[in-house]
Structure formats: C-alpha cells, structure tokens
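Throughout, read-outs are computed from the coordinates displayed, never taken from laboratory work. As the structure is a computational prediction, the values presented were derived from the model and not from experiment. Note that each Cβ is placed from the backbone with ideal geometry, even for glycine, and that neighbours are counted across all protein chains shown.
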Amino acid sequence: MSRRFARRELLKTAGASLLVPRFLRQAFAAPAELPPRMVLLMQANGTHQASFWPDADFRSPILAPLLDDPLLASRTTIIKGVKLEADGPGNEHDRGFHSFWTGVRSVGTPTDSWGGGPSIDQILKDRLAPRVPYPTLNCGVQAADIGPKNGHRTSFSYMQAQKQVPTETDPVRLYAALFRGLDQDSADPIRAARRLRQRKSVMDFVSADIGALAERLPPEERRKLDLHATAVREMEARLGATIAPPPGARCMSPAIAGQPIDARNEANVPVLMDLMIDLVAQATICNITRFVTFSFGYGGNQWLFKWLGINVDWHADVAHKDTGADPVAAQRMTTINLWHAKYVARLARAMAAVPEGDGSVLDGSLLVWSNENATGFHGLENIPVVLLGRAGGRLKQPGRVVDVGVQSNHRVATSLLGLMGVNAAGFGSRPDCGPVPGIMS
Amino acid sequence: MPRFVLAALAAVALQACTVTAKDSIGPGPTQPPPPGAGPASCGATTGRRVRRLSITEYLTVMRDLIGDDVPLLVSIPPDPRAGGFDNNADKLSVNAGVIAHFTDVAEQVAAALPVDRLAPCGSGRAAGDCARSFATTFARRAYGRPLSADEAARLQNLFDDAAATDGYPAGIRLMAEAILQSPHFLYRTELGRQAQNHGPVALSPYEVASQLSFLVTGARPDDRLLDLADAGKLAFPDVLKSEALRLLETPRARVHLRRFLIAWLGLEDLDRLTKSNEFFPPPDFTPVIRDEMKLEIDRFLDHALGEGGGTLDALFGTSESFVTPLLASIIYKGDVLGPVGSGATLVKLDPRHRRGILSLPGFLAVHATVARTSPVDRGVFVLRRLLCQDIPDPPPGVFIPPLASPDRVRTTRQNQDDHARSPNCAACHVLIDPIGFGFEHMDGIGRFRTNEGGPAIDSSGRLNGTDVDGPFAGPAELTGKLLASRMVRACFVNHLWRWSEARDVKEGDGCALDDHLNNWLRSDGGIADLLVQFTTSARFTTRKAQP
C-alpha cells in the first residue's frame, strides 16, 4: 500500500473522466438549519493537576493559551469533578478510549478490550441526522498506527459494540476526502450531471447487492451489512449535494498542497498537528462535517516529545513519574499539556475568526477537550474537561470553572447531548443519571 | 477457549494472577469431545457469516485483478488489530469514511483500467458481447465465483447506459467501478447454499475455494482453484490437501505467512521504531540501523519458513541469522562468528548469546522502552504470545509507583523489583518479571552487555506456572525451555487458529484445538503442516447453522 501520495498526483488522476467532485460549494446559499457543531478532543496520559486548574483570577499555567486570550477565555468553561466510571475489562487507558464517550461496559478480555456500544458522536449523528456531507468525522495524529498490544486504543468513536470508526491519521488522505473538488466549480456542468447520474446508478447497483446478500444472513451478521448499507446511503446523499459555508469562510486548505508527509513518523507530529487541526477547523466551519472526534495520539501515548526537548517516553518516564515528588516529571507534564492546549486554542481561534449569526462559528459550536485519565498515574477522578464555545447559546455563562463535586462521565455526556439539542435523561448504562447541574442555560 | 482465559474473564482481572497459575492453566486447551464422538469429529464452531476483507487482503485482491500497470494512489487507514491480528471479522467494519475510500479506489482504478488488455473487442464483435465476456471474467476473479444471471443483466445495464453516451471503454469502466464496490468483492461469504435451522451447513464450492486461498495466500482463488470449484472437486479432502500444498509453495504464501508471524511476534511497528537519542545516540541507533534490523527479521522469517520448514525449531532454535556489516559492527559485535559479506548474509552467531528470534536485535529493540530494556514488556510477551497466559494490564485503581532509572549503584532489575513489590503488583509481576529479567544481558537495541553503567547484570530468569518451570539465564536458555514446552505448541496452535478463523477463540473450540495440537505434535512438522490440517478438517468446509 502506498502510504504517501502527492496532491498533485491526486489532482492529475482526478482529471480522468470518471472523477468529478462529489459535492460542490455553494458560497452564497443560506446555511440550512443545523445543530451546533461539536469537536471532541481526546488527550492521553492525564494532566499535572496542580498546573491545570485555574486560580481565582481564572489563570493556569497549562491553560494559558486559552485563558490569556480574552476572546477565548470568555468562551471557556472548565468542569471540575468529573470521574470516569467505567465497567468491564481494560485498564485506565483503555477505559478512557472505550468507555468515556460510550458510557457502557466494555467487552473483550483484560488484554483486548473494546467499546461496548455507540459513542456520543455516533448517537448525535443518529438522533440529529445533520444534512452535511460527513455528519461525523474521526481523525487524529498517529492514533492508529501503533503496536498490536493496544489495537483498541486507536479510536474512541464506536458505531456499535466492538465496531470502531477508524481514525484517519493522514492529512493528505483526509484532505482528499473532504475537499476534493471544491476548487473545481467550473467543471463542465453537462459532464458533471451525467457523471452524477452514473454514480447514482453504481450506488443503486451496490445497494441492491447489499440488500440481497443481507437477506441470506443470520440476524447478528446482518448488522454488519446494515452499517455498510447506511454508509452507502450517506455516500449517495453526498452525491451532488452542495455545502453552505458561512459567508467569509475560506473553504480550501492551502496548507496541504505541498509534499507528501509520512504520517507515521513521530518527528512529523508537530506538522501533522498543524495540518489536522486546520483541516478539522475548515471541515467544521464549512459545514462539511458536524460532529468530530479527534485523538491526540493513541491511548497511553509514548511519544518522546523531542520537539519540546523531552526525549523520553511520555507514558512510562514522564506521566507515571508525576506522582508529586519529581519536579522534572511535573515540569514535563505541564509542558506537554500546555502543548496540547495550544492546539485547542488554534482550533478555537480559527472558528472564532469566522462570523456566523450574531457571533462567530465558535459561538455556534462546542469544543470539548477531555483526557483519558486525570493524572499521569492512571487517576480517574478529576479528569480535566474543558469546553469552548457557546453551543449556539445553550451553554450557560461561559468563562468560568464549574465545580460539580464528583460527577460521572455519564452525566457529562448527558449534558453534551443537551447542549447539542438532544433531550436525554441519561447516557449509556445510566439512562436516568441526568445532566451535570449548572451548565445549560 | 482455554480455561484460564475464561477464568480471567469471569474474575476481576487482578485475580487472573492470584490463582496458582499451574492449576488453572494446565498443559493446553482441553474440552471434552461430545459424547460418542472421536477427536476427529469436533463440530464446526464458526457460524454462518460474512467477513469484510481486511485492508491488506483488499489491496492484494485489487492488485491481482488489475495487474501492476494501474496505479493505486489512494491509501486506506489500517484496520484495528485485535489480539495482534488485523483480520478479526467481528471488529472490521465500514462507515461513511471507509466507504469513501473504497469508492475513491474503485473510481481511480476504473478510470485507469487498461480496457484494451482486459476487455479487448476486435472488429466484427458486438460491443455488448465483449462487455458480457469482460463482466464474466472480471467478476469471476473479483468475487471468486461465477456471476449470476441477474448480476450479469444489471451490469449490462450499467454498460449500456455509459457506452451509449461515452463509448465502449466508458461502459467497461462503469461496470468495473460497480464490481469493485459490490459487497461480493469487499466481503467473503461463509454461508453455504441455503439457510438451515440445525446441523452443519456445507459451504459452497466457491466459498471453500476462497477459504483455502485466503488462508494460505491472503488472496482470492486463482483460476485453477476456481476451475476445481466449477468441477465440484473441492468437496474431496485429498484435492483440498493437494491444493493447499500447491499454494503453500507459492511466493505469496511465504509473504502471507511471514505477515502472520510478524503480527504474532508483535513486530509490525519495527519499521517506525524510535528510540531516545539521549540513551541511544547515533550511530548506535539510526533509521538505517532500524531498517537493517527489519531486513534481518524479514530474511530470518523467510528462511525459517522456507529452508527451515516453518517449524518452531527453525524460529526459536537456530544460532544463525542474516547480518549486515552495519549490524555486525554496531549491534552484534563479537556475537558474529566468521566474516560478514556485503548486504544481509547468513552467518553463524555465538550460541551463548544468540538463539532464534528472541535474540534478534529487531525483536529485542521492539520489546523494550525507548530508553532502556523492558523486563515487563519482554516477560509479558513470553506469557501472552508464547504461553497464552492472559496476563492483564494493571487493573483500574491500582497505584503504579514510579520506576527509578538505573544508575551507578542500581540496575534496571533492582529498580523493577522494588517497583513491583506491593502485593497488588506482585501477584502478576512474580510471573512476568523473572522471565523479563532473563533478557537483561540484551539491551534496548539488542546489544549484548555485561553492565548498564553500574553493577554487573544479573540475567538469571525463571519460568513460573508453566509446564517447563525453572531457572534459566538469557534468551538462548529460555528458548531451550520453550521449545520443550507443550504449552508453547498449544499456544501457537491457538494463535494460528485465531488468525485463520478471524475471530477470538471461544468456548467449544477446545475440541478442535486439542485435535490439531495432538496431530501436530505427532507430525513434528511446521506451520504448513498445521494449515494443511486446518484445511482438511470437516470444520473447514462447514458452518454452524445457528451462531
């Protein structure tokens, strides 16, 4: 498999007769009625608690990129007291990935544990069915190409029990999927219309095959093809669809138009982070996608952070040593978490720069930066959860720390559903848990 | 499923290590056969199902279909690895993103399809006839079975539509585009001819052909296998056996089985291995060294599968490997006996330090941390992958104390001993660490060492809770013990079975696993032997009606 290809080659190939854009930009259309955007960002290995929580002046060393900027600080809500309550096989890193946003008991064995049900992004997709080309998007930086031991810590987005949404880690590939064709509005309209009809007839052919095959399957197996049929339907809905970006949004990503980049090489992480965060920003701003899940690396991440001058295994030699008595580990944890905060700020700032309605795209969105663990040594109490944006006004009084005592991740998820406009009494295995108090207006 | 796995599932994870391992583990998977049944008649345990092709299989099949002259520019994210393998049928799924990749590839391949070569249409032939024969040939190889009349008619409609406006090649391309997105291309079926409510269901001849071909070569059946399926010959075990043997001789079987070994040994990420350059500064560890370690592993495994007959002895017991001059001078040093040629050449190694895969630099470097060795990682590898003991990760709620770094006074071993002393940790680490300690003479990039800057290395190790318990020193001695272990053989059968069935081992598999293990022990053969056994058992060609 070729892991690299240049956009140039892609576009060259795209000139072949079968390849015309799947969807087109419609710059001046009024945005359709859409739910708020949500981006869930998952970080690994916990935080240095003492450097994380803001002081009385709403300042913190780790959160400086957010809180030192008045624009972002006034849109930042920090939930204090979140406890990851999970059940089933897997250790804390596993649970961060397979239980935090599914809220159900994991399945599998102690060494090979998987999510036991759909995650919140997929639930939102099913409940709200936003009419955009990609209702959900799961991506990240070096989240998927990791050792077999942790095959299940590569995605926190689940369609069903055991069925992960694969994590896209290659920005060039992601660019091609999201933006290809948006710069080809002038394509021959007659040819484009004919091609569209052909594509639809191919999709019909495929759907008929899926339907006939599904009938021959036992019920459990049929669910596999149900997922496939749904995906094809979504694909078909994308064909010929137009997107309606907010006026003033630039819906191309010029940063990608360069050399191929090895998405598996750790030395490329800073570049990959820039590219991926910018792609997520563009895709959400331009209404190409609605609910995004993003992984800063895989669970129990072992990056060396050579670019921060750290050069030892984050998981074993930094996080696990940050137990209170090691100032070097504490400083490194702070530095690493600050590095993550800068990317959250980068994403938020890009969304804040585009006006929409009475405010900005950020005001019509909700970014959620959470962590698989609370501390570097597997703590699950006081997991740092940072919300950015206003969720279209549903978020009550941003710009503060909301200390909720001790509340489970189920209640946080229930609140997020509410902020997206989905009324839910609870989440996952706690159908009646209710939301975290004091967050929704 | 081996009983200890069930025990671990049923109990809190920590308890998996607190029970006396020997009592719970036993010599291998056992499950009494059904009453009145001999060992050869263990029933099918896999239900009727479909399997999405893994991305690896998908790309192989696609390449077979279109030849080498069509570029495949789009890459697809890898599948999740479940228990090490990327083909688990319960984990492979599709969503809009994956479908978009399949569609991209189908459209690009169709656009670049060499129509003249794959769908020639000489003067005097009707375009519709040429299209029909293309669809018949192309779909037969894409689906691994003949087209139905209905499928052929629907493809013909696509052809007619596109050809009418854009000409013959456009019609061919549109058919290809559809075939390459059909579930019959993207999945393998294991359904049999009709649904039944009880009793085993016989797979269709074409399903049997795909079973065999994917198992041995990771690809769709070739023309010969399909011809045999057409003729109904694949119902005969001796035909299946001779076909399995034929396929095992092909170069792609070698590549496919090497892929299995690499996944089993946890070596897939060797090509992107990084080390801290504070601890392993150049020239000790560089991308070039890493690539040569990978080359060595590949050559070693190919040799073990080929000349070595694919036996565990060839994998674990030999003191020869394919060493490059750079590896010899920087990693192996005095461990190479005799001259090294240019490139990776087969040389004899010092058998006191080097014996088999467990002492190769690539293996040792992967099973280590970025800065040091990792007795835990190496011990867990031996327990999980070679002995099939489902040692859990530290369970939730256990405080993990920091691990000190070795210095002039203390070794990694001493620090690890302190680190794992608490009763919560010791329950498992008393099994794990003594195995890992046995590797301590081999550093984080696979060099032999006598100290790590402080006291002399103590590499005395011990196996606990196995059928070959007792002390050993170094990977060479450990290997000797493992080769004598029935548990290791049982575990290998278990992994190969998991990979071949593309699912987790489940209750009821014990009968078949025992059966295969006993036959394998008698034959004393290699992996090929086991695969032939798999393919000739009745289970291979039947499925349970009810899951």
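Sequence-ordered 3J(HN,Hα) estimates for segment B:358-374 from the Karplus curve with 6.51, -1.76 and 1.60 and θ = phi - 60° stand at 5, 10, 7, x, x, 5, 5, 6, 5, 8, 6, 8, 6, 10, 9, 7, 9 Hz, glycine and proline given as x. Dividing the Cα radius of gyration of segment B:431-525 by 2.2 N^0.38 Å, with N the residue count, gives 1.38. A straight chain from B:D69 to B:N464 at 0.36 nm per residue would run longer than the Cα-Cα distance by 136.7 nm.
What the Cβ-Cβ distance of B:T165 and B:T536 gives, at R0 = 45 Å and to the nearest 0.05, is a FRET efficiency of 0.30.
In this structure, A:W307 and B:S148 have a Cβ-Cβ separation that, at R0 = 56 Å, corresponds to a calculated FRET efficiency of about 0.45. A:K321: which aspartates and glutamates have alpha carbons under 19 Å from its alpha carbon, excluding same-chain residues fewer than 8 sequence positions away? Partners found: A:E92, A:D313, A:E372, A:E381, B:E278, B:D377, B:D393, B:D407, B:D417, B:D418. Once backbone amide H atoms are built at 1.01 Å from N, A:V39 has A:V292, A:L366, A:L367, A:V368 as its partners under 5 Å, excluding neighbours fewer than 5 places away on the same chain. The alpha carbon convex hull volume per residue for segment A:287-330 rounds to 117 Å³.
Overall, segment A:241-329 carries a charge dipole of about 380 debye about its Cα centre when +1 sits on the Cβ of Lys and Arg and -1 on the Cβ of Asp and Glu, all other atoms neutral.
Quick one: among A:F377, A:F205, A:F100, which has the greatest mean-square fluctuation in a GNM of chain A with alpha-carbon springs under 10 angstrom? Its mean-square fluctuation being the largest, the pick is A:F205.
Here the 3J(HN,Hα) profile of segment B:416-429, calculated from phi with Karplus coefficients 6.51, -1.76 and 1.60 at θ = phi - 60°, is 5, 4, 5, 4, 9, 6, 4, x, 4, 7, 4, 3, 8, 5 Hz, Gly and Pro shown as x.
With the biggest extent put first, the Cα atoms of segment A:202-308 measure 56, 41, 25 Å across the principal axes. Considering the zone a paramagnetic label at A:R131 would reach in this model (a point 7 Å from Cα along the Cα-to-Cβ line), which residues of segment A:231-249 have amide N under 17 Å from it? Under 17 Å, as judged by backbone N against the label point of A:R131, lie A:233-246 of segment A:231-249. Taking chain A as a Gaussian network of alpha-carbon nodes connected by springs under 10 Å, the highest mean-square fluctuation of the residues A:P61, A:P327, A:P189 belongs to A:P189. Remark on A:E356: its backbone amide H falls under 5 Å from those of A:V361, a criterion applied only to residues 5 or more positions apart or on other chains, H modelled at 1.01 Å from N. Legend: P(r) of chain A from all alpha carbon pair distances, 10 Å bins from 0, whole percents, reading 4, 21, 32, 27, 12, 3, 0, 0.
Computed from label points 7 Å out along Cα-Cβ, the spacing between A:A425 and B:D291 is 6.2 nm. Label reach from B:F236 (point 7 Å along Cα→C-beta): in segment B:130-157, no amide nitrogen lies under 15 Å. Here the Karplus curve 6.51 cos²θ - 1.76 cosθ + 1.60, taken at θ = phi - 60°, turns the phi angles of segment A:260-267 into couplings of x, 10, 7, 6, 9, 7, 4, 4 Hz, with x standing for Gly and Pro. Short-range pairs are left out: with C-alpha atoms under 8 Å and at least six residues apart, the relative contact order of chain A is 31 percent. Cross-link pairs exceeding 21 Å in C-alpha to C-alpha distance, out of A:K80/A:K306; B:K91/B:K506; A:K125/A:K342, comprise A:K80/A:K306; A:K125/A:K342. Please check: in the Gaussian network model of chain A (C-alpha springs, under 10 Å), which one of A:G376, A:G88, A:G248 has the largest mean-square fluctuation. Highest fluctuation of the listed residues: A:G248. Per-residue shielding of A:90-102, expressed as the average number of other chain Cβ atoms within 10 Å of the residue Cβ, stands at 2. Put simply, the amide H of B:R462, placed in the peptide plane, has neighbours under 5 Å in B:I435, B:G438, B:F472, leaving out anything fewer than 5 places away on its chain.
On full extension, the segment bounded by B:R246 and B:S422 gains 57.8 nm, given 0.36 nm per residue less the C-alpha separation. Dividing the Cα radius of gyration of chain B by 2.2 N^0.38 Å, with N the residue count, gives 1.08. Per residue of chain A, what 222 nm ellipticity follows from adding -39500 (n - 2.57) for every DSSP H run with n ≥ 4, rounded to the nearest 500? After summing the helix terms and dividing by residue count, I get -10500 deg cm²/dmol. Only helices enter the 222 nm calculation for chain B: every DSSP H run of n ≥ 4 contributes -39,500 (n - 2.57), and dividing by all residues gives -14000 deg cm²/dmol, rounded to 500. Every Cα-Cα pair of segment B:321-479 was included, and the share exceeding 20 Å stands at 51 percent.
In straight-distance terms, cross-link reach from B:K233 covers every one of the lysines whose alpha-carbon lies under 25 Å from its own, apart from those fewer than eight places away in the same chain; here that gives B:K241, B:K544. Between B:N451 and A:E220, the C-beta separation translates, for a Förster distance of 45 Å, into a calculated FRET efficiency of about 0.20. In terms of Cα atoms, the Rg and Dmax of the protein assembly as shown work out to 28.5, 89 Å.
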